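These notes are about the structure you will find just below.
The values are calculated or read from the model by the stated rules, or taken from the named source; none is laboratory data. Fair warning: this is a prediction, and the values are worked out from it, not measured in the lab. No Cβ is skipped: glycine too gets one built from the backbone with ideal geometry, and neighbour counts run over all protein chains shown.
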Amino acid sequence: MSVARAAQPSPPWRIGVDVGGTFTDLALADVSGSLWVAKVPSVPADPSRGVLAALERLADEVGGSVDGLLGGCGLFVHGSTVATNTLLEGKGARVGLLTTRGFRDALEIRRGLREDQWDHRAPYPPVLVPRYLRQGVGGRLDRDGAELEPLDTADVTAAAATFAEEGVEAVAVALFNSFLDPVHEEAAEAALRSAWPGEWVTRSSLVAPIMGEYERTSTTVVNAALLPRIVPYLEALEAELQARGLERPVLLVQSNGGAASVPQVGPRPVNLLLSGPAAAVGALNLYRSWAGTDELISMEIGGTSCDVLLMSGGTVATKDDLLIGGYHVQVPAIDIHTIGAGGGTIAGVDRGGLLFVGPRGAGAEPGPACYRRGGTEPTVTDAQLVLGRLRPGSYAGGALHLDLDAARDAVATRVAGPLGLSVQDAAAGIISVVEQNLLHAVEYISIERGLSPARFTFVAAGGAGPMHGATVGRMLGCGRVYVPRQAGAFCAIGMLHAEVRQDVLGFLLGSLDELDAGEVTTRLVTLEDQARATMAAEGFTGGVVRLEREVDLRYTGQLWSIKVAVGPGSLDAAAVRAAFEAEYQRLFGHIQPGGTILLTNLRVVARAATGHLEPARPPVAASPPSPVETRKVWHGADGWLDTAAYEGQALRPGHELAGPLVVEEATTTVLVGPADRLAVDAAGNFVITLGALGGGHGA
């Protein structure tokens, strides 16, 4: 984005705020496309304080007020890890479950599947609803949704009394076969609201109308656990922002990568479990035009975690099965892979005498040892500081101060000493291990999806990502690495370019060749009408709403389905089969010629753009840049090398530099190896052309 801009933004502007585990990032883009970024420590106890602190930081920078910033805002988009952290930390509401008699143990029995099939000893996470709060009620629908036994409302009333006595805060209603017909769940909710004094009730037929008793129930229970924690936070934040001048509704980034208003997403906070990382979709849609390719892999590394996302052909894949803290959730979500590898990831030596890095992190408080906020365990940031890749001193506008002595002491005490290594070798080992973890994370979302990462441009983002981008990109076989100038606010910038999105799902099961094409088309049209109505409630109607049709398909006898796009008009079974077989061949290397293909779900995706914002182009370079210093930096197999350090603001479009070098930007630091070259593109972002494989490419 721009490296030269006016002193103050010109309204109307857009604001994106990303609340992460360590930092809260704010990005503001004005009507000219100029960009301002603020970065402040997150406040886990009250994330809204981090939002306001970021607004205050930016207001101070531009010489205005928070009320003035909000008053001139035409679009406010918020992404947060609040829902994820609530689930991971076990801080959800006390939930009661209303289910069909005889099925109350489905939630605890689970599927019997494990994330690691070889690990039989790791316990499952605690079931979110204890058995005595899982209440069965009479009533039954058959496999076609027809009533076999009427709902017993007396059982519902009795369950409500138990919930009231036990202090239940939210109730999940998940009745057998309700995805076929919600009539029993609707009646159960009505009876429950009459007999139970609580406020929060959620139905599986609204949250996850899917086949699969366990997945549907688990998703609904997670949604119930989040409701009393997330909705009041969102409503209070929106009310406070509007009281201080914001005239537009707050939009929330959903797990599917699109945005929605608080009233739309409020009944389904389960859709916010990937809220922050999912904003990377908007960022990739922005940067792909500058990078000149629709084939991108982003590796965004913050203080706590690394999120890897793949865009192929300008499209980011989605999936339905999420596993968050061991809890299964079935909601539309972008296919993003997350590991515990960030700047604050803790390193140490285990009882077997082996070096480990992660997944535990230092968080916002106390943070890495070099922050001098009480942290004593060495982190990846401490190792980077010891190796000269980071400069001691102030960062993030003075919000942070990195202390080299504190970093060295932590690495020496916890890693170098126990392993009998020098401090420098121990720090280099920490970086090597974390970069192997990063490599495997990227391979998981590319090679294991049948895609070679070598044909992709590697996008290194997040505050810590550009420190590892060249090394990991080279190990992947990528030819170049693209580094956004404001990489540390990658997702917040993505929020400025987010589109409003709604996914509507309908169940339909049958053989692709035997289903009536007219019936399938009629069902799709019904889903389209539902999607249009939802988008109209968000303020988008007519031609601004784009609709996409998809069907879920699988071979008979298989568990997992593949999504295939279908065109408008009547369903063409032959074309759908061909598309399915092409994708199946790519994923698994074979097909079943003439095999029976089952259609399992119908989908409609509705999208609407929030308007196009063209980033401002910075002025081109007029003279060669000069480094602010030359210092010793560790470059893996090449050892310690004299490395030029440049201030990011000095690098303009047209500049090209040979490594080794370091670029120090406001929100990140970019490391360029001795065999690599760095260029600044027309947008002011950095393009690293990687040198040939060989010595000097590893940490």
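At-a-glance table
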{"item": "Some residue of segment 650-660 being at pLDDT 95 or above, buried (at least 18 other Cβ atoms within 10 Å of the Cβ) and within 28 Å of the chain's Cα centre (by Cα)", "result": "no"}
{"item": "Residue under evaluation R288, criteria (1) within 16 Å of the chain's Cα centre (by Cα); (2) within 18 Å of E499 (Cβ to Cβ), criterion not met", "result": "(1)"}
{"item": "Where G589 falls short, out of the listed (1) closer than 30 Å to A29 by Cα; (2) modelled with pLDDT under 95", "result": "(1)"}
{"item": "Filtered residues of segment 30-52 (kept if more than 27 Å from G684 (Cβ to Cβ) and polar (S, T, N, Q))", "result": "S42, S48"}
{"item": "Residues of segment 331-347 that turn out to be buried (at least 22 other Cβ atoms within 10 Å of the Cβ) and out of contact with any Pro (no Cβ under 9 Å at 6 or more places or on another chain), as a count", "result": "4"}
{"item": "Qualifying residues in segment 68-86 (those that are under 15 Å from the mean Cα position of the chain (by Cα) and of a type in the set (A, V, I, L, M, F, W, C)) - the one surrounded by the fewest Cβ atoms within 10 Å (Cβ to Cβ)", "result": "V82"}
{"item": "Helices (runs of 4 or more DSSP H) within segment 402-498 that include 3 or more residues in contact with a strand residue (DSSP E or B) (Cβ under 7 Å, 6 or more places away or on another chain) and of a type in the set (A, V, I, L, M)", "result": "423-445, 465-476, 490-496"}
{"item": "Tally of residues being crowded, with 24+ Cβ neighbours inside 10 Å and not in a strand (DSSP E or B) across segment 355-366", "result": "1"}
{"item": "Strands (runs of 3 or more DSSP E) wholly inside segment 33-126 that include at least 1 residues being within 30 Å of L286 (Cβ to Cβ) and either touching a residue at least 60 places away in the same chain (Cβ under 8 Å) or among the charged types (D, E, K, R) (or both)", "result": "35-41, 73-80"}
{"item": "Top-ranked residue of segment 555-578 - restricted to ones that are surrounded by fewer than 17 Cβ atoms within 10 Å (Cβ to Cβ) and under 28 Å from the mean Cα position of the chain (by Cα), ranked as farthest from E448 (Cα to Cα)", "result": "A565"}
{"item": "Single match in V183, V129 (criterion: aliphatic (A, V, I, L, M) and in contact with a helix residue (DSSP H, G or I) (Cβ under 8 Å, 6 or more places away or on another chain))", "result": "V129"}
{"item": "Residues of segment 319-354 satisfying the condition of being closer than 24 Å to E435 by Cβ, in contact (Cβ under 8 Å) with a residue 40 or more places away in the chain and in a loop (DSSP other than H, G, I, E, B)", "result": "D335, A341, G342, G343, G344, G353"}
{"item": "Check on A188, part of a helix (DSSP H, G or I) and farther than 30 Å from L75 by Cα", "result": "yes"}
{"item": "Residue within segment 499-506 that is in contact with a helix residue (DSSP H, G or I) (Cβ under 6 Å, 6 or more places away or on another chain), of a type outside the set (S, T, Y), more than 22 Å from Q558 (Cα to Cα) and surrounded by 24 or more Cβ atoms within 10 Å (Cβ to Cβ) present", "result": "yes"}
{"item": "Positions within segment 661-676 being small (G, A, S), crowded, with 20+ Cβ neighbours inside 10 Å and either under 30 Å from the mean Cα position of the chain (by Cα) or farther than 16 Å from A470 by Cα (or both), in sequence order", "result": "G673"}
{"item": "Flag for G68 being farther than 16 Å from I493 by Cβ and outside the structural domain of T162 (by TED's automatic domain parsing)", "result": "yes"}
{"item": "Boolean, G145 is surrounded by 14 or more Cβ atoms within 10 Å (Cβ to Cβ) and in contact with a His (Cβ under 7 Å, 6 or more places away or on another chain)", "result": "no"}
{"item": "Enumeration of residues in segment 194-251 that are of a type in the set (A, V, I, L, M), without any contact (Cβ under 8 Å) to a residue 60 or more places away in the chain and assigned by TED's automatic domain parsing to the domain that holds V168", "result": "A195, V201"}
{"item": "Count of residues meeting criterion [surrounded by fewer than 18 Cβ atoms within 10 Å (Cβ to Cβ), in the same structural domain as T379 (by TED's automatic domain parsing) and touching a Leu at 6+ places or on another chain (Cβ under 8 Å)] in segment 404-452", "result": "2"}
{"item": "Segments classed as strands (runs of 3 or more DSSP E), wholly inside segment 500-590, with at least 1 members that are free of Cβ contacts under 8 Å to residues at least 40 places away in the same chain", "result": "562-566"}
{"item": "V633 surrounded by 18 or more Cβ atoms within 10 Å (Cβ to Cβ) and out of contact with any Gly (no Cβ under 7 Å at 6 or more places or on another chain)", "result": "no"}
{"item": "Output for segment 370-396, where each listed residue is outside any loop (DSSP other than H, G, I, E, B), modelled with pLDDT of 90 or more and within 27 Å of the chain's Cα centre (by Cα)", "result": "Y371, T379, V380, T381, D382, A383, Q384"}
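Yes/no matrix, rows are residues, columns are (1) in contact (Cβ under 8 Å) with a residue 24 or more places away in the chain; (2) within 21 Å of L508 (Cβ to Cβ):
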site	(1), (2)
L148	no, no
L151	yes, no
V156	yes, no
A160	yes, no
E165	no, no
V171	yes, no
F179	yes, yes
E189	no, no
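Conditions (1) buried (at least 22 other Cβ atoms within 10 Å of the Cβ); (2) under 22 Å from L559 (Cβ atoms), marked per residue:
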{"site": "V308", "(1), (2)": "yes, no"}
{"site": "V316", "(1), (2)": "no, no"}
{"site": "G326", "(1), (2)": "no, yes"}
{"site": "V349", "(1), (2)": "no, no"}
{"site": "G353", "(1), (2)": "no, no"}
